[in-house]
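Asks: My questions all concern the structure below.
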Number of protein chains: 2
Amino acid sequence: MSRKIVKSKHFFEEDFIEAIGEVSTEKYKAWEPNDKLKVIGKPVSRIDGYDKVSGSAVYTFDVNLPHMAHARILGSPYPNAKIKKINTKKAKELPGVLAIITSNDEPKIPWYYNTTFLFDSHVRCVGDEVACVAADTDRIAEDALRLIEVEYEELPFVVDAGDAMKPDSPKVYEWGNILNGKPGIYSRGNIDDGFKEAEVIVEDTFSTQVAIHNPTEVHCSVVNWDDGKLKIWDSTQAIFGVRDQIAGSLKIPESDVRVIKKYMGGGFGSKLEAGKYSVIAALLAKKIGRPVKITVDRKQMNLIMGNRPDSYQKLKAGAKKDGTLTALQHYSYGAVGAYPAGAGCSWPLRALYKCPNVSTEEYDILINAGRARAFRAPGHVQGTFAFESLIDELAEKVGMDPLDFRLKNYTKVDPVSNEPYTSKLLKEAYQKGAEAIGWYNRRKAAGVGKGNLKTGIGMATQIWWGGGGPPAYATLKLNRDGSVQVIAGTQDLGTGTYTFIAMVAAEVLEIPLNKIQVSLGDTAVDPYCPSSGGSTTAPSVSPAVRDAAEQMKAKLINGASAILELPEEQLKYQNGIIYNSKDETQKIEISNVVQKMHERVLITTGARNENPKGYQANTFGAQFVEVEVDIETGKVRVLKVIAAHDIGRVLNQKTLENQFHGGIIQGLGYALMEERLIDKNTGKVLNINMHDYKMATIKDTPEIQVIIVSKGDSLLNYTGVKGIGEPAIIPTAAAIANAVYNAIGVRIKSLPITPDKILSTLYS
Amino acid sequence: MSRKIVKSKHFFEEDFIEAIGEVSTEKYKAWEPNDKLKVIGKPVSRIDGYDKVSGSAVYTFDVNLPHMAHARILGSPYPNAKIKKINTKKAKELPGVLAIITSNDEPKIPWYYNTTFLFDSHVRCVGDEVACVAADTDRIAEDALRLIEVEYEELPFVVDAGDAMKPDSPKVYEWGNILNGKPGIYSRGNIDDGFKEAEVIVEDTFSTQVAIHNPTEVHCSVVNWDDGKLKIWDSTQAIFGVRDQIAGSLKIPESDVRVIKKYMGGGFGSKLEAGKYSVIAALLAKKIGRPVKITVDRKQMNLIMGNRPDSYQKLKAGAKKDGTLTALQHYSYGAVGAYPAGAGCSWPLRALYKCPNVSTEEYDILINAGRARAFRAPGHVQGTFAFESLIDELAEKVGMDPLDFRLKNYTKVDPVSNEPYTSKLLKEAYQKGAEAIGWYNRRKAAGVGKGNLKTGIGMATQIWWGGGGPPAYATLKLNRDGSVQVIAGTQDLGTGTYTFIAMVAAEVLEIPLNKIQVSLGDTAVDPYCPSSGGSTTAPSVSPAVRDAAEQMKAKLINGASAILELPEEQLKYQNGIIYNSKDETQKIEISNVVQKMHERVLITTGARNENPKGYQANTFGAQFVEVEVDIETGKVRVLKVIAAHDIGRVLNQKTLENQFHGGIIQGLGYALMEERLIDKNTGKVLNINMHDYKMATIKDTPEIQVIIVSKGDSLLNYTGVKGIGEPAIIPTAAAIANAVYNAIGVRIKSLPITPDKILSTLYS
């Protein structure tokens, strides 16, 4: 597994790490760059596009079963309370109500910590599950919720992480408000020595808000029991994960739970684990002997289905006068809500640049609010905002261009593990991004320019994992007519998974895309694939598909060899036809090979290769942003975003760009407007609907240009692909913040960058 | 592949062929006899039993899709006519009618012969498809049929095979009424020499009626198009066959057609091929852009969805005085209806006994009636009735006991191919069946006894294929908790396929049945399995499942070897646990092996082995029947049936007996009451419903005892299984006819044996 260093006439002097043309594993030759491939890398429309635009695509909510009942959950109105009594009599009397379950019901199913339960008599946030009604219609179920009489004993509560850290704060659990009772600690080198060595030091405090995932499709399950076996249609990013979690909760074999997901309208991490609602629906369905559809409405989603935790971050950085980093320090805390989750956000500081002395300390704080969940690049979005803001501050103090400062501290090995990267083309990304935005023409001094409208350019860097890995499998079936089916246990979140799978098979077997069908999202029949989180789907699944297709090709050549009575070495495979390379008039179509082999269907199962040992697989990128700030209204408008990334090989240029557009717009909303607000007096969330919780729309969307610098990370896997879902959003807010500073000369250190913050900072 | 000859102290002197304990292939040791196995051979209740009795099993008719339309077919009222004009205007105006297709529509889709079409302007039998309506409801569709105005030009017709063979008969096709224009001919030896050699000759004529399959569930499809891809839920015995046939008709890739069948209520051969109705529904669904459910009602099923063709059979047999057969001759014809099918029925005569000189000549005759289709042991049921009746006649004339006569002509090699059988334990079946019925105590002279009620005992022999073969595959997934999923592209017709698949996996992996789930009947995701016809399902699929399970076991042992750091040879697999055979305290559960291998799911795909070359695979059996005949009313009551068969290894004693019970009751109905009646003047079928078409019910059901003599045909395949669906019905009618003769001393040579035939034969 040697690597080839490709010399480049780049304006940065250092070599790039590139592995194209190498044999990535013992098994297959790495693919050529995309311009030499037939299908991979082209902008291909989704093969499931028609289904979606025609409305024939079946989302979980579209599943309707005969005699299906509908379920709705009653959430707690209080942020912290003990349930003294639940009276469901009136609700049960409502015509159409079929069953109600509450914390009164046995057996109790342990949930978080194994000390809290599916229905707990202690509710710890507004929206916490109190009861669930199954009824003939959704409307009746909702009406019945209002007839359930609950007697609560209200308890003192805390909804702010800073407050929760104070000794006299109300406790979310009797053992305290700090998860695990202590911070997460990381250090390398000696931080004190690092700061001693420093000639320039900056120190600053940043904060970020709680943001809500808000995928288009709300969380929903349809469940049905057959003979002790549970079938669940679920809007989920993890069919096998949900299966195993629910099997565990209900104490039944994993094979007795079948999770199905065909189409979904996004998840962003909020659908990475099984929801209580699915298990609740399963219990109700068993109780009433009917299928149950349970829908979590937008309000409940905003309350309890996850969020990006807020952060309070104190950073300190030291450098020599030439810009060499000597020390980086990070202290942070964030509110994970009432149940365990992670709020750590120091990774970008640990891993982005070469720096010998680093120390981080981070606290996950429990408060009486909805629980955090993984949200598109968890930790990295808030961490990158703070750290890349501070790096800009430090560059300015040293007197260097921010990009030159970053290049000065560029690293070719992972600073945390000291292992080399499978590939890292960040320099090329810097170069191309800088060129595209016109970086070196930007005004050097911040805040200058005439009139109310100030423009500025900023940038920020991104690091993420997203290398994927085994186990991941794909099965390929070749029919007698040469058409193909690919089956994999992954799930398309809406990102284009169906399409790239077909493209990989089409590339290897050299057949048209319309002869390939893809089946995903059914634990009963699909070979295992991992959860779709952490940007791992494409880098895990696409190599398995290539493996299955290459095996099929080998099988076909072997079959053709017997049929044509020629040695395999003398055969040439091209466009689904196998030729005698010495006499191309002698040939056989692959469909004909299947028939002549007396097979109806040829079957292969491919597996994802092991990741190379001793390497780190990461994605890298930089976003360059131009903004316009109205210093009279405080309004920020993002004019242009250049996203220049090394994310390995591009599978589908079209869905790749879709992902970047989505990530950047979501990052823009996070930077400028999104924020969950909780009233400290009542513990209630003030903006639980799409009207009050502001998200970016098409009117906020800037010009976006996506530049991918890599031709494929062939050291990593058979397709050279790394994940792109999360990299897209990571640097956006940081780059916007740096651009705002470049425009107006003052730095906003608290997200979102709202007009009031701009104006109060400008004119304070 | 040597075979072991097991000596037996049987009252018949010849050796039995038995292969138990042999290595059937290079791959696996043959299983021990069932009494040494844990699961296989036991009477296991269906794993899908709860689904069925609770009503939660989804049959095709239970599939309801949003916005689904309903379609009904208009059949021709005439047996032979040209359609001059079809006016659908009034029908289209009926509110709720969505679309109508007729022979006016282009493009024409070729069907039988490629000269007739899906909708043909020439209808050739009552019920032939003329038009199809799609409407909002089934009721509206049916009402609309009555509003379609069709102008027919009636043509002369023929509905009787004997009539159709006359030169002046109306022609079903202009080229004539004999399929292929000539008879099917078979001969071996020299038939004239054979009869010269004979010392005793009998000659007789037999006839059998047309019988209708009448499975419980009518034919039905639900179709839906997504983006050019066709999804069909179909009540079918052949998901892949239907898929490929429909893809061919519609000229789309096979992978674009997905056929699904989860549960069905029987087929008996009438659902072995794609129906016109499925393609019609697909066309309508495309036209209206909505899913379509199409149901063939009981009346249409009786008219055009297939039948067992009738037969006219002239037989002649010669033997020496010692009973040695010297010549067998068979001439027959049968009506296949208006479209190509097979009516041949001479196979039992060719293959049942050793006889050097054989000649057969058989005609498939076209008439203006619904087409024949394969029906549970096609040809063999009618052929066995005639031939085994004649053998009894010959035995009597020679002066031998009928069973002794058969033993005299017993063959250990297939008389047609001269190849040995993979196994043949018919002698043991004869012995055990004869013992159970009390054969040697039966009254030797026919027709004696006092009073009106005469009892008699008869028997008949059965031969069938049912050895199955490749290609057939099964995929096995082992989950982290030790639970298992098996996936195969076969279909459970209601015979217990789900259950035996789970049993095979349970046997090999030594885990409880309730940890195994089975998924079948979906062409998109299942590995290929053949059609379920010809009693091939269990002998094709069960070995593939064993192969998958054995591969899994090997994978687990290999994994455990690495984990325990012990050589594989030192490991012992027992009850889902792998032990160090030298120290059984050191052990690991298979679930733990999966986890330690860092796998979520282990996957294997097994394949059916090739059949052994140079052998014939057949099933054999004899049924012994006791009847009571009331010579005053002519009514026959079957008192007892002993079914003694060699059908290889029993997989599930319970579903095996179910199959025999079903086959015997169906055979009894065929022998005594079932008969499609056509009015020669109008060409109309007179009994197209279950009231007028008489089938046997529980009140007609005799005591049935099933005796299986084989312990497993290990030369044939990994499980030693042969098929049982068809053997069960083959000898029943013949044995009943012979028993009736034994009871009353006159022979009824025409089925069904109705009271009027008994009385008119007795008293003529």
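All of the numbers you see were taken from the coordinates with simple rules; none came from a lab. As the structure is a prediction and not an experimental result, all values here were calculated from the model. Counting neighbours? That spans all protein chains shown, and the Cβs are built from the backbone with ideal geometry, glycine included.
Asks: Fewest first, what order do B:293, A:397 take by the number of other Cβ atoms within 10 Å?
Replies: Values: B:293 24, A:397 13.
In increasing order of surrounding Cβ atoms, one gets A:397, B:293.
Asks: How high is the FRET efficiency between residue B:661 and residue B:410 when r is their beta carbon distance and R₀ equals 35 Å, given to the nearest 0.05?
Replies: Details: r = 28 Å, r/R0 = 0.80.
So the FRET efficiency works out to roughly 0.80.
Asks: Cα convex hull of the range B:265-414: mean projected area in nm², to one decimal?
Replies: Working: hull surface 46.4 nm².
Projected over every direction and averaged, the Cα hull of the range B:265-414 covers 11.6 nm².
Asks: Next question. Using modelled amide H (1.01 Å from N, peptide plane; none on Pro or chain starts), what sits under 5 Å from the amide H of residue B:609, excluding residues fewer than 5 places away?
Replies: When sequence neighbours closer than 5 places are left aside, the close amide H contacts are B:718.
Asks: Now for a separate question. Going by average Cβ density within 10 Å per residue, which order do the peptides B:472-479, B:195-202, A:368-375 take, highest to lowest? Mind showing how you got there, number by number?
Replies: Working: B:472-479: 28.6, B:195-202: 16.1, A:368-375: 26.6.
Highest-to-lowest ranking by the protection proxy: B:472-479, A:368-375, B:195-202.
Asks: In whole Hz, with x marking every Gly and Pro, tabulate ³J(HN,Hα) for the range B:66-82 from phi via Karplus 6.51 cos²θ - 1.76 cosθ + 1.60, θ = phi - 60°.
Replies: Ordered by residue, 3J(HN,Hα) equals x, 6, 5, 9, 10, 10, 9, 9, 8, x, 5, x, 10, x, 7, 6, 9 Hz.
Asks: Here's another thing I want to ask about it. Find the Cα radius of gyration of the range A:76-125, compare it with 2.2 N^0.38 Å by division, and give the number to two decimals.
Replies: Working: Rg = 12.6 Å, N = 50, 2.2 N^0.38 = 9.7 Å.
For the range A:76-125, the normalised Cα radius of gyration is 1.29.
Asks: For the range A:551-587 and the range B:247-268, what is the centre-to-centre distance using only Cα atoms, to the nearest Å?
Replies: 31
Asks: Report, in listed order, any pair from B:231/B:287; B:82/B:108; A:196/A:320; A:27/A:427 with a Cα-Cα distance greater than 19 Å. Display every interim value, and only then the final one.
Replies: Working: B:231/B:287 15 Å; B:82/B:108 16 Å; A:196/A:320 10 Å; A:27/A:427 31 Å.
In this structure, A:27/A:427 lie more than 19 Å apart at Cα.
Asks: Within 10 Å of each Cβ in peptide B:44-56, how many partner chain Cβ atoms are there on average? Round it to a whole number, please. Intermediate values should be presented prior to the final figure.
Replies: Details: counts 0, 0, 1, 2, 3, 1, 5, 3, 2, 1, 4, 2, 12.
Per residue, the average neighbour count from other chains is 3.
Asks: Take the Cα atoms of chain B, build their convex hull, and give its volume per residue in Å³. Walk me through the intermediate numbers first.
Replies: Values: hull volume 129.0 nm³, N = 764.
That works out to 169 Å³ per residue.
Asks: Cα centroids of the range B:744-764 and the range A:113-142: how far apart, whole angstrom?
Replies: Here the answer is 74 Å between Cα centres.
Asks: Mind listing the phi-derived Karplus ³J(HN,Hα) values for the range A:287-293, rounded to whole Hz, using 6.51, -1.76 and 1.60 with θ = phi - 60°, and x for any glycine or proline?
Replies: 5, 9, x, 9, x, 10, 9
Asks: Further question: Beta carbons within 10 angstrom, averaged per residue: use that to sort the peptides A:531-543, B:745-757, A:581-593, highest first.
Replies: Details: A:531-543: 27.6, B:745-757: 18.9, A:581-593: 15.9.
Per-residue Cβ counts within 10 Å, averaged per peptide and sorted highest first, yield A:531-543, B:745-757, A:581-593.
Asks: Please report the relative contact order for the range A:626-749, taking Cα pairs under 8 Å with a sequence separation of at least 6, and give it as a percent rounded to a whole number. List each step's numbers first, then the result.
Replies: Values: 187 pairs, mean separation 48.2, N = 124.
So the answer I get is 39 percent.
Asks: Still on this structure, please answer the following. Using a 10 Å cut-off on Cβ to Cβ distances, tally the other chain neighbours for every residue of B:593-606 and report the average as a whole number.
Replies: Values: counts 0, 0, 0, 0, 1, 4, 5, 14, 11, 3, 9, 1, 5, 0.
Taking the mean over all residues of the peptide, I get 4.
Asks: Over the Cα atoms, compute the radius of gyration (one decimal) and Dmax (the largest Cα-Cα distance, rounded to a whole number) for the range B:465-512, in Å.
Replies: 12.2, 41
Asks: Kindly work out what percent of the DSSP beta bridges joining two residues of chain A are antiparallel, to the nearest 5.
Replies: Values: 103 of 134 bridges.
Antiparallel: roughly 75 percent of the beta bridges in chain A.
Asks: Over all residues in A:475-488, what is the mean tally of Cβ atoms on other chains that come within 10 Å of each residue's Cβ? Walk me through the numbers before you get to the answer.
Replies: Numbers: counts 6, 0, 10, 2, 10, 5, 8, 3, 7, 3, 9, 1, 6, 0.
Across A:475-488, the average partner-chain Cβ count within 10 Å equals 5.
Asks: Which whole-number percentage describes the relative contact order of chain A, with Cα contacts under 8 Å and a sequence gap of 6 or more?
Replies: On the way: 2003 pairs, mean separation 129.1, N = 764.
Once divided by the residue count of chain A, the mean separation gives 17 percent.
Asks: Still on this structure, please answer the following. Treat the count of other C-beta atoms within 10 Å as a stand-in for reagent exposure and order A:31, B:464, A:175 from fewest to most.
Replies: Details: A:31 25, B:464 28, A:175 10.
So the residues, fewest neighbours to most, are A:175, A:31, B:464.
Asks: Using Cα pairs closer than 8 Å and at least 6 residues apart in sequence, work out the relative contact order for the range A:433-529, in percent. Write down the numbers at each step before the final one.
Replies: Numbers: 102 pairs, mean separation 26.0, N = 97.
So the answer I get is 27 percent.
Asks: Using only the alpha-carbon atoms of the protein assembly as shown as identical scatterers, what base-10 log of I(q)/I(0) does the Debye formula give at q = 0.08 Å⁻¹?
Replies: The calculated log intensity ratios at q = 0.08 Å⁻¹ are -1.09.
Asks: Something else: Among B:481, B:48, B:414, which comes first, second and so on when ranked by fewest other beta-carbon atoms within 10 Å? It would help to have the intermediate numbers written out before the result.
Replies: Values: B:481 21, B:48 24, B:414 18.
Arranged by neighbour count, lowest to highest, B:481, B:48, B:414 become B:414, B:481, B:48.
Asks: Can you list residues whose amide H is under 5 Å from residue A:226's amide H, if they're 5+ apart or on another chain and H is modeled 1.01 Å from N?
Replies: Residues meeting the amide H criterion: A:231.
Asks: Please report the antiparallel percentage of the DSSP beta bridges confined to the protein assembly as shown, to the nearest 5. Numbers along the way, then the final one.
Replies: Working: 206 of 268 bridges.
Rounded to the nearest five, the antiparallel share is 75 percent.
Asks: Let me ask something else. Would you grab the residues whose amide H sits under 5 Å from the one on residue A:74? Only those 5+ places off in sequence or on another chain, please, with H modelled 1.01 Å from N.
Replies: A:130, A:131, A:132, A:133
Asks: Under a crude label model (7 Å from the Cα following the beta-carbon direction), how far is residue A:654 from residue A:193 in nanometres?
Replies: Distance between the two pseudo-spin positions: 5.6 nm.
Asks: Something else about it: Roughly how far apart, in whole Å, are the Cα centres of the range A:222-243 and the range A:344-423?
Replies: 39
Asks: Can you run phi through the Karplus equation (6.51, -1.76, 1.60; θ = phi - 60°) for the range A:536-551 and list ³J(HN,Hα) in whole Hz, with x for Gly and Pro?
Replies: 9, 4, 5, x, 8, 8, 4, x, 5, 5, 4, 4, 4, 5, 5, 4
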